[in-house]
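Written below as structure tokens is the structure these notes are about.
Just so you know, all these numbers are worked out from the coordinates, no wet-lab data involved. A quick note: this is a predicted structure, and the numbers were derived from the prediction, not measured. With ideal geometry, Cβ positions are generated from the backbone for all residues, glycine too; neighbour counts draw on all protein chains shown.
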């Protein structure tokens, strides 16, 4: 029962779907962070299936807008703040500043261009593009899980709230769950065996990102976690295009 509430909390917290917005669901999410890959699976389905029909109508670029409608702009806002901090001398001030700077603008524009390109290109994969988008969301949420369970918070805030109950158990169970999701697609079709390499590549990207963040900032906040979600989602979609 707690797992169901945690899942509802995850969907309500990481998407715009109006469920699990109550305190009990959020508390269960905090205590069961391993559920994040499943949240990615569900949000991926919500994005991928409508996008497939948009591709069929040759309006695949609209899928990017639909993606934003499902996931919201919180992660993109985090990407913007992180982009400002990367190029700023006073990095902590940049993370806290609500104004959009040039660094943030570059990061957002680059992200949306990459997504538009990858979504348009995924159109040529046919039905397989559904797998690409769904599994890219699983990769993104797994990356967030890894960062949350292996890092310390910069200050009191959303990241500290999420990390409070994070454990190595969450990390191990969550990663194994992600692998299980990927393996299940291989069982459906053996030609999807290259999918696992995309998961492991996204984990490697997460490790590099974590190293950079801890070296430059000393910890994480909500913006840093949200930025990673965007980066891994875009990266994984591109990997599908390269390896497919």
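From the helices alone, meaning DSSP H stretches of at least four residues, give me the mean residue ellipticity at 222 nm for the chain, per-run term -39500 (n - 2.57), in deg cm²/dmol to the nearest 500. Could you put the intermediate results ahead of the total?
Details: 12 runs with 187 residues, N = 244.
Calculated at 222 nm, the ellipticity per residue is -25500 deg cm²/dmol.
Neighbouring Cβ atoms within 10 Å as the yardstick, rank 97, 156 fewest first. Walk me through the numbers on the way to the answer.
Values: 97 15, 156 9.
Ordered by Cβ neighbours within 10 Å, fewest first: 156, 97.
Spatially, region 194-210 and region 1-54 are offset by 22 Å when compared through their Cα centroids.
The alpha-carbon atoms of the chain define a convex hull whose volume equals 116 cubic angstrom per residue. Highest-first packing order for the peptide set 31-40, 4-13, 214-223, 44-53 is 31-40, 4-13, 44-53, 214-223, based on the mean count of other beta carbon atoms within 10 Å. Inter-label distance, residue 167 to residue 96: 3.4 nm, where each label sits 7 Å from its Cα along the C-beta direction.
Entry note, the chain: relative contact order of 26 percent, from Cα contacts under 8 Å with a spacing of 6+ residues. Is region 1-139 rounded, prolate or oblate when judged by the Cα gyration tensor, a ≥ b ≥ c being the square roots of its eigenvalues, rounded requiring a/c under 1.5 and prolate requiring a/b larger than b/c? Oblate, since a/c reaches 1.5 and b/c is not below a/b. Equivalent ellipsoid of region 186-242: semi-axes from √(5λ) of the C-alpha gyration tensor, largest first, are 28, 11, 9 Å. Legend: ranking of residues 164, 128, 71 from fewest to most surrounding C-beta atoms inside 10 Å; resulting order 164, 128, 71. Ranked from largest, the principal axis spans of the Cα set of region 144-221 equal 46, 24, 17 Å.
Would you mind calculating the gained length between residue 183 and residue 24 on full extension (0.36 nm times residue separation, minus the Cα-Cα distance), in nm to one decimal? Result for the pair: 54.0 nm of gain on full extension.
Distances over 17 Å make up what percent of all Cα-Cα pairs in region 141-181? I get 28 percent for the Cα pairs in region 141-181 exceeding 17 Å. Shown for 139, 230: other C-beta atoms within 10 Å of each C-beta, ranked fewest to most, produce the order 230, 139.
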